[in-house]
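S.K.: Take a look at this one; I'll ask things after.
Throughout, read-outs are computed from the coordinates displayed, never taken from laboratory work. Since we're looking at a predicted model, the values are computed, not measured. As a convention, Cβ positions derive from the backbone with ideal geometry for all residues, glycine included, and neighbour counts pool all protein chains shown.
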Amino acid sequence: MTTLFDPIKAGDLQLANRIAMAPLTRNRSPNATPTEMSTTYYSQRATAGLLISEGTAITQQGQGYADVPGLYGPEQLAAWRKVTDAVHAEGGKIVAQVWHVGRVSHNSLQPGAGKPVAPSAIRAKTRTYLIGADGNGSFVETSEPRALETSELSGIVEDYRRAAKAAVEEAGFDGVEIHAANGYLLDQFLLSGTNHRTDAYGGSIENRARFLLEVVDAITSEIGGGRTGIRLSPVTPANDASDPDPQPLFNHVVGKLAPYGLAFVHVIEGATGGPRDFQQGNQPFDYAAFKAAYRDAGGTGAWIVNNGYDRKLAEEVVAEGRADLVAFGKPFIANPDLVRRFKENSELNTPDNTTFYGGGAKGYIDYPALT
Ligand SMILES: C=C(C(=O)O)c1ccccc1
C-alpha cells in the first residue's frame, strides 16, 4: 500500500515523498526580490517531497500584490538562485509557480500606473494587498481592468516562456508550476464569468481554453513537459471566479493537457482555503471523473490534491490511489518539519494568521522544528 513517505517520479522530478508544500503568498519580497529570509524559509522546509514556490510574477504586468516576487529581473533571478541552491543543498526539490494575476491587481502596481489587463473589462469583486509609504500593508479594492487585444496575447505567451526558461536556467528551479487557478489570468480566460470575448479566445469551451493551452505549449517546448506542472481550481470562488458549468470545461482542459507529458496536475478541491464541498452551478464537481478524463486521455503526470487535508485524509487518498501527492499550505507555514511530524505523528504548531502576509521574521522563519 502506498504511503505518504514513499518516493515518486513526477515527470523528470524524482521526489522523496508524497508531501508537497503548496504555493503560499507571503508578501516578503520587496522590489519583487526574495531576501535572505526567503532562503531560510524554503530551506527549512526542504524535506517536503516537492516545494512549490509562492506565486511569482512573470512580468510587472502580471504582478497584483505588494512585495510578491518576480522572475523578470536579474536581481530577482539571482535572489531565487540563492533559494534554490539552499533547498538543493538540503536535498530538496523546488519548482517556481509562474503567475500572471490578470485583473486581480491595482493601478499603482502596473507599468505606468495603467489598468490591469484581463480577457474582458470586468472588475474583480475582490481585494489586493498594497504596502503604503509608511510600510504598513492593507487590503484594497482591485482596479478596473482593460480587455486585452487579441494581438497582445502572443506577447504574454512569450512572457510565460521567458519566465519559465529563466526560472530553470538562471534561478535554478527544478521546474515550474503554471498558475492557472484561483481566478487569475489563465483562469479568467477559462471561466464564462470572466471571459466575455467574441474572438477565438472566448465563447466555446475550446476557445476559452485556447490561451491556457498556448501557454502550456510554449513552456513545455522551452523546458520540457517533465519539468512542468499546472495548478487548477475547478470550482473555487477565489477572486470572484465563477462558471456555472465547470465539469465539461475542466474535463476538456485536462484532456488537452494529457499529451504534454506534464510532471503533475495540482488540483484545489472546493473553495481555496474554504469548504472542500463548495460547488459552482447546480451539481457537485466530480473529482474522480476529472482525474479519469486526464488519465483516459493518456495523461501520466502525478495527481496532486490540495485544500483542507490533514494527515489522516492525505494518507487515505494516497493509499486508495485517488491522488499521488497531497499539497499542504498552512500546516507548512507553521511546521517547517511537517514531513517528520507526520511520520512521527507529532503534534503540529498552530499557524498565526496575523503574520501570513507581509512583515518580517515573525511567523515566517521562527516556527520551531522538533528537536
Ligand atoms: C497566489 C495566491 C493564490 O493562488 O491564491 C494568493 C495571493 C494572495 C494571497 C493569498 C494567495
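S.K.: Would you kindly compute the Cα radius of gyration of the stretch 270-371 and its largest Cα-Cα separation (Dmax), both in Å?
M.R.: 16.5, 50
S.K.: Given the convex hull over the Cα atoms of the chain, what projected area results after averaging over all orientations, in nm²?
M.R.: So the mean shadow area of the Cα hull is 16.6 nm².
S.K.: For every other residue with a beta carbon closer than 14 angstrom to the beta carbon of residue 277, add +1 if it is Lys or Arg and -1 if Asp or Glu, then tell me the sum.
M.R.: -1
S.K.: Let me ask another. With point charges of +1 on the Cβ of Lys and Arg and -1 on the Cβ of Asp and Glu, referenced to the Cα centre of the stretch 31-127, which listed residue (71, 106, 35) lies farthest in the positive direction of the dipole?
M.R.: Of the candidates, 106 comes out farthest on the positive side.
S.K.: Compute the distance from the alpha-carbon center of the stretch 294-316 to that of the stretch 1-64, in whole Å.
M.R.: 17
S.K.: Which loop chymotrypsin sites (Phe, Trp or Tyr not before Pro) in the stretch 63-165, with loop taken from DSSP, have no more than 14 other Cβ atoms within 10 angstrom of their Cβ?
M.R.: none
S.K.: For the charge dipole of the stretch 8-355, defined by +1 on Lys and Arg C-beta atoms and -1 on Asp and Glu C-beta atoms about the Cα centroid, which residue among 321, 191, 84 has the Cα displaced farthest towards the positive pole?
M.R.: 321
S.K.: Okay, next question. Which FRET efficiency value, to the nearest 0.05, do you get for residue 140 and residue 192 by plugging their Cβ-Cβ distance into 1/(1 + (r/R0)^6) with R0 = 22 Å?
M.R.: 0.20
S.K.: Over all directions, average the projected area of the Cα convex hull of the stretch 93-199 and note it in nm².
M.R.: Its Cα hull, projected and averaged over all orientations, spans 8.1 nm².
S.K.: I'm a student and want to see the number: the projected area of the Cα convex hull of the stretch 243-328, averaged over all directions, in nm².
M.R.: The orientation-averaged projected area of the Cα hull of the stretch 243-328 comes to 5.5 nm².
S.K.: Which value in deg cm²/dmol, rounded to the nearest 500, describes the helix-derived mean residue ellipticity at 222 nm for the chain, given -39,500 (n - 2.57) per DSSP H run of n ≥ 4 and division by the residue count?
M.R.: -9000 deg cm²/dmol
S.K.: If you average 1/r across every pair of different Cα atoms in the stretch 135-174 and take the reciprocal, what Kirkwood value do you get, in Å?
M.R.: 13.3
S.K.: Dipole of the chain, Cα-centred, from +1 at each Lys and Arg C-beta and -1 at each Asp and Glu C-beta, to the nearest 20 debye?
M.R.: 160
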